[in-house]
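Written out below as structure tokens is the structure these notes cover.
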Amino acid sequence: MVTERASGPLDALVHPGWAERSWLVHGFTTKRGARDFDLGLFSEGSDRATVMENWSEVASAAEIPAIVHARQVHGATLHVLDRDGAPRALGGSGREPAPLPRLLDPADGHLTDRPNLLAAVTTADCVPVLLVDAAHQAVGAVHAGWRGVAAGILERAVESMEASFGSRRSELEV
């Protein structure tokens, strides 16, 4: 179940059970109404300055100093970000950051057990899939379009969490 929470600085859709965990910040923003909260880093027609200001607002509202994102290519490439912050790409490598968020090489998901890191994916007609391993405080954010799902991105995300963080698939929440 997802509920809307508009009590904070940003409107967000959140999973109530996850919101109760002190170590986990999550949410979905939407474009709606008079306030067009554009986060379109790769969208034609988006004003770059406004988009970057909006990402800064997300970081401030979530009290998160670091955000990672990547151009999504509808594939099965994932970035694994270790506690030391170094990106270990599964099918690509990181490059120097933009101010906020840090833009990594193209990928359709991020996995991490690093505290204070917001892993972002953007969707339109695709599905955002969040994975949570409470035992290891590891998370994943996956852009699951039909091409990526057909290429095995979800299976790869689970397998990568097992290999990288010691996650157990039977204990993952999705």
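If F42, F37 are ordered by their accessible area, calculated over protein heavy atoms with a 1.4 Å probe, which sequence runs from highest to lowest? Could the numbers behind the result be given before it?
Values: F42 70, F37 20 Å².
I get F42, F37, largest accessible area first.
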Amide H contacts of T77 (H built 1.01 Å from N, under 5 Å, at least 5 apart or other chain): D108
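Hey, if we sort W146, W55 by accessible area with the 1.4 Å probe, largest down, what's the order? Don't skip to the answer; put the middle values down first.
Values: W146 175, W55 10 Å².
In descending accessible area the options line up as W146, W55.
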Dimensions in Å of region 112-174 - Rg and Dmax from alpha carbons: 11.6, 32
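Can you give the FRET efficiency for E162 and V127, using 1/(1 + (r/R0)^6), R0 = 25 Å, r = Cβ-Cβ distance, to the nearest 0.05?
0.70
In a shell of Cβ-Cβ distance under 14 Å around W146, excluding W146 itself, what net charge do Lys and Arg (+1) and Asp and Glu (-1) give? Spell out each step's value before the answer.
On the way: positive: R147; negative: D108, D125.
Net charge in that neighbourhood comes out at -1.
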Calculated from backbone phi, Karplus (6.51, -1.76, 1.60) coupling profile of region 117-133 in Hz, x at Gly/Pro: 10, 9, 9, 10, 10, 10, 9, 10, 9, 9, 10, x, 10, 10, 10, 10, 10
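Going from most exposed to least, what order do R156, R71 have by accessible area with a 1.4 Å probe? Display every interim value, and only then the final one.
Working: R156 90, R71 120 Å².
From most exposed to least exposed: R71, R156.
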In sequence order, calculated HN-Hα J values of region 134-147 (Karplus, 6.51, -1.76, 1.60; Hz; x Gly/Pro): 5, 4, 10, 6, 10, 9, x, 10, 10, 8, 10, x, 5, 5
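Can you compute the FRET efficiency between A150 and I64 using 1/(1 + (r/R0)^6), with r the Cβ-Cβ distance and R0 = 30 Å? Round to the nearest 0.05.
On the way: r = 32 Å, r/R0 = 1.07.
Efficiency for this residue pair is about 0.40.
The values are calculated or read from the model by the stated rules, or taken from the named source; none is laboratory data. Note that the coordinates shown come from a computational prediction; the quantities given were computed from them, not determined experimentally. Glycine also receives a Cβ, built like all others from the backbone with ideal geometry; neighbour counts cover every protein chain displayed. In case anyone asks, the SASA skips ligands and DNA or RNA and just uses the protein heavy atoms, side chains included. Shrake-Rupley method; radii C 1.70, N 1.55, O 1.52, S 1.80 Å.
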